[in-house]
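Colleague: The structure under discussion is supplied below as structure tokens; questions concerning it will follow.
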Amino acid sequence: MKVYKSHGGINLELLEGERDVLLQLIDDFREFVMSEDISDPAVVRLFPDAYAGEEESAEFRKYSEPALREKKDHDSAHIRACLEVPGVISIKEIEVDSWLRGINDLRLTLGTRLEVTGDEYGGEIPEDDPRSFLYSLYGWLGWLQGSLLEVEF
């Protein structure tokens, strides 16, 4: 992966495997984020209760959650559309926030599934651990997010 400033934005060069994995993650996320399963811990993480009381939270959720889901779906759809174009991915300066939100949502979802807490995400995971690829992917998403943030305009 290579991230660098371009005229009016950021250029992102991904290896073919990186692009494929990111596309799959986005597809899975878009299906998941539009589901109504509020018992899923990742859904709870992405759409936390706004109030301590169950009734107040349900009322707030009724009015705010549809727009939040749409925004998350829009951000991930935008990233997907950029990834479908072969070659170097050009991200306009006004699109960077959408990318950052989308990558953050992917990290939050994956981190919840892996039960990551705080800044520590497992340290050294044995290669034979079935979760080792997911932990690597979680770290890679953080690297991508950090790389996008480090580009100065």
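Colleague: Collect residues whose amide H, placed 1.01 Å from N in the peptide plane, falls under 5 Å from the amide H of Gly9; neighbours closer than 5 in sequence don't count.
Modeller: It is Glu93, by chain and number.
Colleague: Going by a ≥ b ≥ c, the root eigenvalues of the Cα gyration tensor, does region 61-143 fall in the rounded group (a/c under 1.5), the prolate group (a/b larger than b/c) or the oblate group?
Modeller: Because a/c hits 1.5 or more and a/b fails to exceed b/c, region 61-143 counts as oblate.
Colleague: Can you give me the angle between helix 54-84 and the longest principal axis of the chain, using Cα atoms only, in degrees from 0 to 90, rounded to the nearest 10?
Modeller: Tilt of helix 54-84: around 20 degrees.
Colleague: With a ≥ b ≥ c taken as the square roots of the eigenvalues of the C-alpha gyration tensor of the chain, please select rounded if a/c is under 1.5 and otherwise prolate if a/b is larger than b/c or oblate if it is not?
Modeller: Values: a/c = 1.98, a/b = 1.32, b/c = 1.51.
Since a/c reaches 1.5 but b/c is at least a/b, the shape of the chain is classed as oblate.
Colleague: Defining a contact as two alpha carbons under 8 Å apart and six or more residues distant in sequence, what relative contact order in percent does region 25-153 show?
Modeller: Details: 83 pairs, mean separation 34.0, N = 129.
Computed over region 25-153, the figure is 26 percent.
Colleague: Can you give the calculated 222 nm mean residue ellipticity of the chain, where each DSSP H run of n ≥ 4 adds -39,500 (n - 2.57) and the sum is split over every residue, rounded to the nearest 500 deg cm²/dmol?
Modeller: Numbers: 5 runs with 92 residues, N = 153.
Taken over the chain, the calculation gives -20500 deg cm²/dmol.
Colleague: Within the chain, count lysine pairs with alpha carbon atoms under 19 angstrom apart where the residues are 8 or more positions apart or belong to different chains.
Modeller: 6
Colleague: Further question on the same structure: Calculate how steeply helix 132-150 sits against the longest principal axis of the alpha-carbon atoms of the chain, using the helix alpha-carbon long axis, and give the answer as 0 to 90 degrees to the nearest 10.
Modeller: 70 degrees
Every number here is computed from the coordinates shown, using simple stated rules; none is lab data. Bear in mind that the values here come from a model prediction, so they are computed numbers and not experimental data.
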